[in-house]
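Please read the structure below before turning to the comments.
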Amino acid sequence: MIFQLVKKQLLLLWRNPVQIFLLLGLPIILILILSFALAGFMEGGSPKLELKVTWLEHQDEADQVERFINEMEAIGAPAEAFGDSEDLQMVTMLREDIFQGEDLQEMIELEVIQEDEKADVLADDSFSGLIEVPENFTYDMLQAISGQGTAKPDLTLHVNQEDGIYSSVLSQILEQFDENLTTQAFLQENDLAVDIDEMQAVTNVGEQTQIEQQDPISSRDYYTVAMAVFTGLYVASTIGFFATRERQDQVFDRIIVGDMPRWMYFFSILISGMIIAFIQLMIIFGFSYFVFQVAFHDMLAFLLTTFSYAVAVGGITVLLTAISYRFKSDAIVGFFSGVVTSIFAFIGGSFFPIGELSEMIQRIGNMTPNGSGLSAYIQLLRGSGIKDISNYLIYMIGFGALMIIVAAISFPKRGSTR
């Protein structure tokens with residue numbers, strides 16, 4: 001007989017296209033909209049920078065290096081003390097090894113210009129900045145490092161004020177370069193034979209280990225799960241409205257008069273809610289699999305999670321039915337559909353990952369059935385197994401069991417429903 005009652009509930013839903021649209025069409029539309037609209041928010045990561053930089057050098061650096069070496073040799077300094085002359089060409093090193101090196105070549109487009117092009121570049125908003133190397137820069141810097149001079153020269157950076165983040169990147173690169181030159185000058189001045197590369201390597205203490213990295217979650221993955229568990233709550237209010245209508249139409253009274261135990265009707269509501277919630281989730285996830293390739297690799301864990309969430313929804317369904325029968329009103333069902341589901345969705349993270357704000361908010365969100373289901377599904381999409389989500393499964397089943405117990409206590413006795 002329970003089978004016939006469950007079949008009746010399923011037929012009521014099948015003959016109501018508006019409710020079918022709300023349970024299936026609405027979540028699919030929301031998934032399509034949110035996955036595309038909030039893709040940047042979910043998958044933003046680090047922004048890709050593209051800087052267009054110009055380089056203006058007023059004097060040939062090789063001539064400055066040769067001039068410095070000749071002067072040092074004239075005062076008796078051995079030539080081998082300076083090493084290869086190419087190693088002293090610090091401006092060339094900055095231009096070729098840093099700005100045009102492997103680390104920055106995809107981010108920075110460097111264009112070398114002549115002095116007569118400077119005014120045009122400064123007037124062109126497409127350029128992020130202009131690096132100007134003054135005359136005798138390398139020569140003066142070598143003089144400062146060797147202790148022959150006192151004033152350390154400076155590079156000139158012209159930035160486009162509209163590109164704040166780009167100018168900041170350029171400034172940081174030049175500041176780091178300046179710090180290295182200052183360090184070299186200090187070491188040279190104090191006769192400290194320390195290699196800068198070795199010094200930086202020593203500061204990187206500790207051992208680097210590779211930790212296990214979980215699979216990333218895309219906006220389509222997240223909002224597929226988020227909308228599935230969110231709209232799953234509407235199954236409870238939908239079946240609750242059907243049951244309330246049956247009370248108003250005295251269908252429940254005729255069932256009781258027909259000498260059918262009221263608990264049979266009670267369990268038919270519970271099973272109907274579980275079945276419809278399970279089917280709804282399977283259809284939504286099936287759609288996302290074929291359209292968005294949202295796939296769960298551990299099917300057993302996925303099915304257990306879906307069943308556990310269906311138990312929680314079934315518990316809410318039978319509780320709403322019991323309370324509406326107890327108070328002879330469908331107000332509680334409408335309140336749940338209009339207010340409680342929205343609160344659960346917000347706290348549980350169905351609208352956006354609110355749990356990332358703080359650990360406490362995440363714990364509160366996991367106390368809602370949709371929040372716990374969302375966390376379980378997300379863990380599965382990241383590659384976790386049943387063991388990792390067992391606490392969520394236990395909570396959802398426990399939540400559903402608690403709702404069933406409260407509903408059984410609230411469900412009216414024979415003759416008290418009129």
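The values are calculated or read from the model by the stated rules, or taken from the named source; none is laboratory data. As the structure is a prediction and not an experimental result, all values here were calculated from the model. All Cβ positions, glycine included, derive from the backbone under ideal geometry; neighbour counts span all protein chains shown. With ligands, DNA and RNA removed, areas are computed over all heavy atoms of the protein, side chains included. Shrake-Rupley method; radii C 1.70, N 1.55, O 1.52, S 1.80 Å.
Tell me, in nm to one decimal, what length is gained between residue 394 and residue 295 on full extension, where the rule is 0.36 nm per residue of separation less the Cα-Cα distance?
On the way: separation 99, 0.36 × 99 = 35.64 nm, distance 2.32 nm.
Here the segment from residue 394 to residue 295 would lengthen by 33.3 nm.
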Efficiency of FRET between residue 118 and residue 36 - r from beta-carbon atoms, R0 35 angstrom, step 0.05:
0.20
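Quick check: net charge around residue 271, other residues with Cβ under 12 Å of its Cβ, Lys/Arg +1 and Asp/Glu -1?
Values: positive: 7, 8; negative: none.
Surrounding charge for residue 271 is +2.
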Per residue, what accessible area does region 255-393 have, given a 1.4 Å probe and all protein chains present, in Å²?
43 Å²
Using θ = phi - 60° and the Karplus form 6.51 cos²θ - 1.76 cosθ + 1.60, what ³J(HN,Hα) does each residue of region 384-397 get, whole Hz, x for Gly and Pro?
6, x, 4, 4, 6, 10, 4, 5, 5, 5, 4, 5, 5, 5
Proximal charge balance of residue 178 [Cβ under 14 Å; K/R count +1, D/E count -1]:
-3
If ligands, DNA and RNA are left out, what is the accessible area of residue 158 with a 1.4 Å probe, given in Å² to the nearest 10?
50 Å²
Long-range amide H partners of residue 111 with built H, under 5 Å:
53, 54, 55
